[in-house]
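The values are calculated or read from the model by the stated rules, or taken from the named source; none is laboratory data. Keep in mind that this is a model prediction, so the values were computed, not measured. Note that we place each Cβ from the backbone using ideal geometry, even for glycine, and neighbour counts take in every protein chain shown.
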Amino acid sequence: MTDPIDPAAPIADATRVVQGGRRSEWTGGIVNPPVWRASTILYDSVEDLRTNARRDTHHRLFYGRRGTPTQWSLADALTELEPGAEATMLYPSGVAAIATALLAVLSPGDELLVPDSAYDPTRSLASGLLKRMGITTRFYDPMVGAGIAELIGPATRAIFMESPGSLTFEVQDVPAIVAAAKARGIVTLLDNTWATPLLFRAIERGVDYTILACTKYVVGHSDVMLGSVTAGPGRLEALRTATYQLGQCVSPDDAWLGSRGLRTMKLRIDEQGRSALAIAEWLKGRPEVARVLHPALPDCPGHEVFARDFAGASGLFSVVLKGGGDAGRIALIDGLRHFGIGYSWGGYESLVIPIDPQFYRTATKWDAEGPMIRLQIGLEDTGDLIADLEAGLARFSAA
Ligand SMILES: Cc1ncc(COP(=O)(O)O)c(C=O)c1O
């Protein structure tokens with residue numbers, strides 16, 4: 001006789017991404033939740049309508065903006081990847097997710113702390129709309145760690161983190177920053193798009209709101225814009241209220257594509273991470289390269305934190321070329337055969353862009369030995385990508 005299965009036994013992430021958010025009451029015998037399109041929901045009577053309006057509409061059909069099982073299924077699957085989380089809300093892009101989470105926690109007169117390495121639209125939200133609303137932002141050195149305590153002032157209400165920074169890849173000491181924030185009753189938010197919960201579990205480490213640009217690894221196929229915020233214990237209500245008040249919602253078709261992508265996310269991240277590290281290590285040995293900014297390489301700022309806290313690396317990193325100028329960088333990029341030139345990352349295909357982080361910084365100075373490029377490594381053959389880059393580096397040297 002075999003032992004009975006313990007329903008409380010831990011489940012591995014590979015299993016969670018396959019099973020998460022699938023409920024037989026939503027799907028019957030169908031494996032994937034169908035696309036439930038809706039704006040109007042019909043009620044049986046006035047009494048039925050009135051009762052529904054008074055009820056908590058979480059996981060109840062109410063009106064299209066509050067979602068249908070198609071969106072709830074994806075939201076639940078993301079929540080299940082963050083043990084201890086209360087729930088997940090979905091947004092029409094990663095930037096919408098960041099904006100809504102910040103608006104949920106900030107009020108006029110508050111101060112927000114943002115790392116100098118943050119994604120530029122996050123900076124621009126802070127310096128634009130939030131500033132107009134009377135919220136001030138102080139940009140800080142992403143490597144500050146426990147030293148964040150000294151930056152916290154009487155008006156500080158929230159600390160934003162992005163780890164690693166998506167251009168320069170400094171890994172932040174999230175647990176140290178969270179500890180300092182908790183000691184002062186300050187809310188923490190993390191843009192966890194690079195790692196996803198598969199490589200860094202944010203809620204377990206005390207982060208209040210963990211944000212994903214699902215456009216990247218969750219969707220994984222470069223064809224949908226989508227964002228999510230997963231709330232830690234006691235944090236859902238403020239987020240949900242702001243989400244509803246701002247009218248944020250996601251189409252069932254996009255949510256369905258998000259769920260479709262999620263099922264293979266672990267396989268893709270593992271493979272893209274393996275290939276990216278092999279390419280990063282190869283680039284590090286090249287005479288045309290000054291530095292490779294990849295959290296798994298020992299000289300990356302915050303590597304010891306990465307080694308302590310992360311389950312692995314995903315497929316995005318940057319390269320500082322040695323000397324040379326923009327003409328050489330353009331020659332390198334324009335001639336590549338297997339890398340598309342375009343924004344975003346986390347899809348199945350390789351991409352490259354030129355980056356100039358020095359123009360975005362205000363709290364710290366960014367110095368580099370030469371022009372920089374950012375590589376998103378896809379699922380192509382690693383050898384093909386290396387051969388392509390080798391030819392590109394030859395063009396860089398020749399220019
Ligand atoms: C780190 C990071 N966060 C958030 C976003 C925004 O996501 P979206 O493009 O879905 O608005 C991006 C997009 O490039 C990003 O790189």
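Key figures for this structure:
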{"quantity": "Selection from the stretch 284-299 of residues that are surrounded by fewer than 22 Cβ atoms within 10 Å (Cβ to Cβ) and not in a helix (DSSP H, G or I)", "calculated": "Gly285, Arg286, Pro287, Glu288, Val289, Ala290, Arg291, Ala296, Leu297, Pro298, Asp299"}
{"quantity": "Qualifying residue in the stretch 276-283 (condition: outside any helix (DSSP H, G or I) and outside the structural domain of Thr68 (by TED's automatic domain parsing))", "calculated": "no"}
{"quantity": "Unique residue being part of a helix (DSSP H, G or I), touching an Asp or Glu at 6+ places or on another chain (Cβ under 8 Å), of a type outside the set (Gly, Ala, Ser) and in contact (Cβ under 8 Å) with a residue 12 or more places away in the chain when the list is Pro175, Pro121, Pro142", "calculated": "Pro175"}
{"quantity": "Residue list for the stretch 1-58, filter: of a type in the set (Lys, Arg), within 33 Å of the chain's Cα centre (by Cα) and farther than 20 Å from Ala87 by Cβ", "calculated": "Arg37"}
{"quantity": "Single match in Ala278, Ala313 (criterion: among the aliphatic types (A, V, I, L, M) and in contact with a Pro (Cβ under 8 Å, 6 or more places away or on another chain))", "calculated": "Ala313"}
{"quantity": "Condition met for Asp208 (in contact with a strand residue (DSSP E or B) (Cβ under 7 Å, 6 or more places away or on another chain) and near the ligand (Cβ under 10 Å from one of its atoms))", "calculated": "no"}
{"quantity": "Total residues in the stretch 6-34, condition in contact with an Asp or Glu (Cβ under 6 Å, 6 or more places away or on another chain) and either assigned to a loop (DSSP other than H, G, I, E, B) or without any contact (Cβ under 8 Å) to a residue 40 or more places away in the chain (or both)", "calculated": "2"}
{"quantity": "Out of Leu113, Leu106, Leu81, sole residue that is closer than 21 Å to Val207 by Cα, surrounded by 19 or more Cβ atoms within 10 Å (Cβ to Cβ), more than 19 Å from the chain's Cα centre (by Cα) and in contact (Cβ under 8 Å) with a residue 40 or more places away in the chain", "calculated": "Leu106"}
{"quantity": "Residue identified as within 16 Å of the ligand (Cβ to nearest atom), in contact with a Leu (Cβ under 9 Å, 6 or more places away or on another chain), under 21 Å from Val171 (Cα atoms) and modelled with pLDDT of 95 or more among Leu277, Leu262, Leu293, Leu283", "calculated": "Leu293"}
{"quantity": "Residue in the stretch 212-233 that is closer than 30 Å to Ile177 by Cβ, away from the ligand (no atom under 14 Å from the Cβ) and in a helix (DSSP H, G or I) present", "calculated": "no"}
{"quantity": "Set Thr137, Thr156: member being crowded, with 16+ Cβ neighbours inside 10 Å, out of contact with any Asp or Glu (no Cβ under 6 Å at 6 or more places or on another chain), β-branched (Val, Ile, Thr) and outside the structural domain of Lys365 (by TED's automatic domain parsing)", "calculated": "Thr137"}
{"quantity": "Qualifying residue in the stretch 186-195 (condition: surrounded by fewer than 24 Cβ atoms within 10 Å (Cβ to Cβ), more than 16 Å from the ligand (Cβ to nearest atom), modelled with pLDDT of 95 or more and over 24 Å from Ser344 (Cβ atoms))", "calculated": "yes"}
{"quantity": "Check on Ala126, in a helix (DSSP H, G or I), away from the ligand (no atom under 16 Å from the Cβ), surrounded by 21 or more Cβ atoms within 10 Å (Cβ to Cβ) and aliphatic (A, V, I, L, M)", "calculated": "no"}
{"quantity": "Test: Ala118 is crowded, with 20+ Cβ neighbours inside 10 Å and within 16 Å of the ligand (Cβ to nearest atom)", "calculated": "yes"}
{"quantity": "Filter result for the condition that a residue is more than 18 Å from the chain's Cα centre (by Cα), surrounded by 15 or more Cβ atoms within 10 Å (Cβ to Cβ) and among the charged types (D, E, K, R), over Arg308, Arg268, Arg263, Arg235", "calculated": "Arg235"}
